[in-house]
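Peer 1: The structure that follows is given in the form of structure tokens.
The values are calculated or read from the model by the stated rules, or taken from the named source; none is laboratory data. Everything quoted here is computed from the prediction, not taken from an experiment. Cβ sites come from the backbone with ideal geometry, for glycine too, and all protein chains shown count toward neighbours. The accessibility values were calculated without ligands, DNA or RNA, using every heavy atom of the protein model including side chains. Shrake-Rupley method; radii C 1.70, N 1.55, O 1.52, S 1.80 Å.
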Amino acid sequence: MSNVPGDLRYTKSHEWVRALPDGSVEVGITDHAQNALGDLVFVEVPQTGRQVGAGDAFAVVESVKAASDVYSPVGGEVVAGNDALASQPELINQEPYGQGWIARLKPGSLADVEGLLDAAAYEAFLASEA
Amino acid sequence: MTQRTPLHPVHLELGARMVDFGGWDMPLAYGSQIEEHHAVRRDAGMFDVSHMCVVDLHGAAVRDLLSRLLANDVGRLKVPGKALYSCMLREDGGVIDDLIAYFIEEGWFRLVVNAGTAVKDLEWIGRHAAQAGVKVAPRRDLAMIAVQGPNARARVVSQMPAVYQERVLALAPFFGVAGGELFVARTGYTGEDGFEVMLPAVQAPTFWLALKAAGVAPCGLGARDTLRLEAGMNLYGNDMDEGVGPLESGLGWTVVLDGERDFIGREALVEQKRRGGLRRLVGLVLEDRGVLRAHQRVLAGEAGEGEITSGGWSPTMERSIALARVPAGTGDRVQVDLRGRLVSARVVKPPFVRHGQVLVNV
């Protein structure tokens, strides 16, 4: 069974969002997504300062199996990319909700975050896809 | 209807991620595909290859039949047990399948053909065998386990009945030996030493679990693909198929045109050689970051364009490698259209890795 932490928000394209105390959000891909992709070998994180819209492809994760786009769950400005992933893409496999985060954004609107799935809704979505 | 090998319940029990491969429900990986890859390069790993089809051919004319059906020359198989890798061609030189032929004894050869092509192979072989009076017996009663890696042979022998141990240990590369319903060959498709073991389907789960207990890592099709790619070995359907011949698939070394032997496809290949300008299957090493994938466009400057036929990540080299079909005159450097980004790759001669050693300059 996939790990779905209760304190995060989720998308149907398998990204997670964590609200940080300073008003920014941290984004990554879920345990379900990393498990489906298999061993990651290459991650392209977005440039700091880039403006993205909700649903825009803003990162690429490439595994032994395939390349996949990562979609920004919210609109806003990229304030940090996780540069550790350049040399250690496996962090996403090992800690998808921790050191495997992909980017931090300053959301244009907090309503975007609130409109995302909560853990229960994401788990229900995973169950419906299985 | 998806088919299942005799080891299917074992794969599920071990928690494998399953995937459809040529109509078979097969393990992709049991855990980390990269760890499975390393297990084979550094120690010992095993693959369920029971989806591949073992076909026994019996009859006085079997050698003559294979001499006509195979582009490689079965005349080279003089000593019982010896194996030969070959393409089976259409009249127009397209590849019906690639296979291994074992010479077991005069009047008895054993073929191992690909899973996805087994039905058409049997139809093709059967049609020619009928005319030659050769009996074709698909052996779906057998399972096949490939055990590969520097420590594979010792582990397999430790789990074999004592009466066979000596003969199996004495096998030279590319030889096999039969003992009752058991057949062990020192062959494989990973670039490492090891055995392929054919045994009655009912015995396969017990043997598999015994090997696992002896320290052989179960490995899925994912690792099998990266291993064979590093070893520069072709995958049927990717690197060659009915639309392209062996001479343009890096398989010229398996085609014997010397002498008078009249095999199916010979005339077409002779004509291709005469015309010249053949494309080449080459190795690519990506110099930039990213992963090369099948079907990506290769730009070879003045020479024209080619295409990646197999691409992926090399866990041993820790960079991306590929096999690509490129036009004649391609130099030692090309560009690849990697999802809209042009990246630079070096052209090398496969294999990339053999027996744990990287053979190309990185």
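Peer 1: Which GluC sites (Glu not before Pro) does region B:138-229 hold that lie in a coil by DSSP with at most 15 other beta carbons within 10 Å? Intermediate results must be reported in sequence, preceding the final value.
Peer 2: Values: sites: B:GLU166, B:GLU181, B:GLU192, B:GLU196; in loops: B:GLU181, B:GLU192.
Within region B:138-229, the qualifying GluC sites (Glu not before Pro) (loop, at most 15 other Cβ atoms within 10 Å) are B:GLU181.
Peer 1: Per residue, how many Å² of accessible area does region A:9-125 show with a 1.4 Å probe?
Peer 2: Details: 4820 Å² over 117 residues.
Per-residue accessible area for region A:9-125 comes out at 41 Å².
Peer 1: Need the C-alpha centroid separation for region B:1-34 versus region A:1-17, integer Å.
Peer 2: 27 Å
Peer 1: A further question on this structure: Only counting protein heavy atoms at a 1.4 Å probe, give the residues of region A:32-59, ordered by number, whose accessible area falls by 50 Å² or more when the other protein chains are present relative to the chain alone.
Peer 2: In region A:32-59, residues shielded by partner chains: A:ASP39, A:VAL41, A:PHE42.
Peer 1: Sort chain B into rounded, prolate or oblate with this rule: let a ≥ b ≥ c be the square roots of the eigenvalues of the Cα gyration tensor; rounded if a/c is under 1.5, and if a/c is not under 1.5, prolate when a/b is larger than b/c, oblate otherwise. Write out the running numbers ahead of the final one.
Peer 2: Working: a/c = 1.83, a/b = 1.14, b/c = 1.60.
It comes out oblate by the Cα gyration axes.
Peer 1: Right, something else. Counting DSSP beta bridges with both partners in the protein assembly as shown, what percentage is antiparallel, nearest 5? Before the final figure, lay out the partial values.
Peer 2: Numbers: 105 of 109 bridges.
Given both bridge residues lie in the protein assembly as shown, the antiparallel proportion sits at roughly 95 percent.
Peer 1: Leaving out ligands, DNA and RNA, what percent of the accessible area of the protein assembly as shown is carbon and sulfur, probe 1.4 Å? Let's see the in-between values first.
Peer 2: Values: 10380 of 20570 Å².
Here carbon and sulfur together make up 50 percent of the probe-accessible area.
Peer 1: While we're here: Nearest 100 Å², what total accessible surface is buried between chain A and chain B (probe 1.4 Å)? Walk me through the numbers on the way to the answer.
Peer 2: Values: alone 6390 and 15440 Å², together 20570 Å².
That pair of chains buries around 1300 Å² in total.
Peer 1: Please give the Cα centre distance for region A:74-93 versus region B:119-154, rounded to the nearest Å.
Peer 2: Region A:74-93 and region B:119-154 have Cα centres spaced 49 Å from each other.
Peer 1: Rank A:LEU8, A:LEU117 by accessible area, highest first, at a 1.4 Å probe radius?
Peer 2: Working: A:LEU8 5, A:LEU117 40 Å².
So the residues, ranked largest to smallest area, are A:LEU117, A:LEU8.
Peer 1: Also: Would you calculate, for chain A, the mean residue ellipticity at 222 nm contributed by helices, counting each DSSP H stretch of 4 or more residues as -39,500 (n - 2.57) and dividing by all residues, to the nearest 500? Each step should come with its number before you reach the end.
Peer 2: Values: 5 runs with 31 residues, N = 130.
Calculated at 222 nm, the ellipticity per residue is -5500 deg cm²/dmol.
Peer 1: May I ask you to find the residues of region A:61-105 that are shielded by at least 20 Å² of accessible area once the whole protein assembly is considered instead of their isolated chain (probe 1.4 Å)?
Peer 2: With the partner chains in place, region A:61-105 has these residues losing at least 20 Å²: A:GLU62, A:VAL64, A:LYS65, A:ALA67, A:ALA86.
Peer 1: With n ≥ 4 as the cut-off for DSSP H runs, can you work out [θ] at 222 nm for chain B, using -39500 (n - 2.57) per run divided by the number of residues, rounded to the nearest 500? Show your work: numbers first, answer last.
Peer 2: On the way: 9 runs with 84 residues, N = 362.
Rounded to the nearest 500, it is -6500 deg cm²/dmol.
Peer 1: With a ≥ b ≥ c taken as the square roots of the eigenvalues of the C-alpha gyration tensor of the protein assembly as shown, please select rounded if a/c is under 1.5 and otherwise prolate if a/b is larger than b/c or oblate if it is not?
Peer 2: On the way: a/c = 2.43, a/b = 1.64, b/c = 1.48.
Prolate.
Peer 1: Any idea how far the Cα center of region B:282-347 sits from the one of region B:46-76, in Å?
Peer 2: A separation of 34 Å, based on Cα centres.
Peer 1: What shape does region A:9-125 have by the C-alpha gyration tensor, where a ≥ b ≥ c are the square roots of the eigenvalues, rounded means a/c under 1.5, and otherwise prolate means a/b greater than b/c and oblate the rest?
Peer 2: Details: a/c = 1.74, a/b = 1.23, b/c = 1.41.
Oblate.
Peer 1: Over region B:1-111, average the accessible area per residue using a 1.4 Å probe and give it in Å², no decimals. Show your work: numbers first, answer last.
Peer 2: Numbers: 4030 Å² over 111 residues.
Heavy-atom accessible area per residue stands at 36 Å².
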